[in-house]
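K.L.:
My structure is below; once you've seen it, I'll send some questions.
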Amino acid sequence: MTPAVPSASILVVQGTEATQLKAAALAELCGAPAAEAIGPHVPARAWRLRGATRRTGVAAWCEARRLDHAWIPEDRRFADLKLLAIDMDSTLITIECIDEIGAAIGKKDEISALTAQAMRGEIDYAESLRSRVALLAGTDEEVLQDVYEEKLRLSPGAEALVAQCKRHGIKLLLVSGGFTLFAERLKAQLGLDDTISNVLDVDDGKLTGRILGTLVDAEAKAAKLRHVAQRLGAAREQIVSVGDGANDLKMLAEAGTSVAYRAKPIVRAQATYALDHSGLDGVLNLFV
């Protein structure tokens, strides 16, 4: 079920194809007096429209023009947050790490098909992950380092989002069903506050095809968020969570504001907002 639209009358429209002309046309469509450019980009990629009186047709208009739109409340400020939790693969970073490991050993098609099914919620995530990891048995541990150095890239806007969290003292939690080698390196690289991820079993420099300890699935992600939030004394409305796959749904449900980032349909349908055409810095524009 799609979440109810906030009662506020601020409309935010953003995306790489957002322009002043499109913002002005949208203002006319929704009855807003004007469109205000927001964010650091020149030309602007995001616009805020206050005082909109009509919502009919806005979603379809934006979708047809590859623009993200969101109705946001007047009094919600980014600086008031205490915690931002974010998924790793295909969210904080552009790749699915296990798919790229699979590519290095000639098994990408088989592994990525299972990944896609799990992210769409078509098969059990834990079962899928165990099956995918089993296919990695015998792989040299060095392959993971090669993937990190050669394939891993931050998603657009990731560094800007992290920087604003640090500026306002918002804690950053990386919540991943991926692997510790990648999560811990990203934690160090970006100065994140906490992580949770899966530990691959290694014997004599080679992956055994097993996961050590408790598998990080949807419930484990949500439990980690709850634990960190409790430690910080963060109320639900002071938490933002960002993810893309079905295994993020329980984590997203724990937050006052949930963001589906270039996500599967099942996630877009249940999140507060969806960013399909913006970078991760688009999260910042969902607050006044």
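K.L.:
Need pairs with beta-carbon distance below 8 Å; first residue not assigned by TED's automatic domain parsing to the domain that holds residue 115 and within region 214-234, second part of a helix (DSSP H, G or I) and basic (Lys, Arg); sequence gap 6+ or separate chains.
P.N.:
The qualifying pairs do not exist here.
K.L.:
Within region 19-47, which residues are surrounded by 21 or more Cβ atoms within 10 Å (Cβ to Cβ) and closer than 23 Å to residue 157 by Cβ?
P.N.:
First, the residues of region 19-47 that are surrounded by 21 or more Cβ atoms within 10 Å (Cβ to Cβ): 23, 26-27, 30, 32, 35, 45-47.
The answer is 23, 26, 35, 45, 46, 47.
K.L.:
Can you tell me which of (1) surrounded by fewer than 24 Cβ atoms within 10 Å (Cβ to Cβ); (2) among the charged types (D, E, K, R); (3) touching a Pro at 6+ places or on another chain (Cβ under 9 Å) is the one residue 281 doesn't meet?
P.N.:
Of the numbered conditions (1) surrounded by fewer than 24 Cβ atoms within 10 Å (Cβ to Cβ); (2) among the charged types (D, E, K, R); (3) touching a Pro at 6+ places or on another chain (Cβ under 9 Å), the odd one out for residue 281 is (1).
K.L.:
Then there is this: Just to verify a result, which residue in region 130-146, among those that are surrounded by fewer than 16 Cβ atoms within 10 Å (Cβ to Cβ) and hydrophobic (A, V, I, L, M, F, W, C), is farthest from residue 216 (Cα to Cα)?
P.N.:
Filtering region 130-146 for residues that are surrounded by fewer than 16 Cβ atoms within 10 Å (Cβ to Cβ) and hydrophobic (A, V, I, L, M, F, W, C), the one farthest from residue 216 (Cα to Cα) comes out as 137.
K.L.:
On the given criteria, is residue 236 of a type outside the set (Ser, Thr, Tyr), under 29 Å from residue 79 (Cβ atoms) and surrounded by fewer than 17 Cβ atoms within 10 Å (Cβ to Cβ)?
P.N.:
Yes.
K.L.:
Select, from 75, 89, the only residue that is in contact (Cβ under 8 Å) with a residue 12 or more places away in the chain, closer than 21 Å to residue 271 by Cα, in a helix (DSSP H, G or I) and not aliphatic (A, V, I, L, M).
P.N.:
89 is the lone residue from the list that is in contact (Cβ under 8 Å) with a residue 12 or more places away in the chain, closer than 21 Å to residue 271 by Cα, in a helix (DSSP H, G or I) and not aliphatic (A, V, I, L, M).
K.L.:
Go through region 48-71 and give me each residue that's crowded, with 17+ Cβ neighbours inside 10 Å and under 24 Å from residue 160 (Cβ atoms).
P.N.:
Within region 48-71, 48, 49, 62, 65, 67, 68, 69, 70, 71 qualify.
K.L.:
Mind listing just one residue for me: the one in region 125-143 that is over 16 Å from residue 202 (Cα atoms) and aliphatic (A, V, I, L, M) and, of those, modelled with the highest pLDDT?
P.N.:
Within region 125-143, the match that is modelled with the highest pLDDT is 129.
The values are calculated or read from the model by the stated rules, or taken from the named source; none is laboratory data. Computed from a predicted model, the values in this text were never measured in an experiment. Quick reminder, even Gly has a Cβ in these numbers, built from the backbone with ideal geometry, and neighbours come from all protein chains shown.
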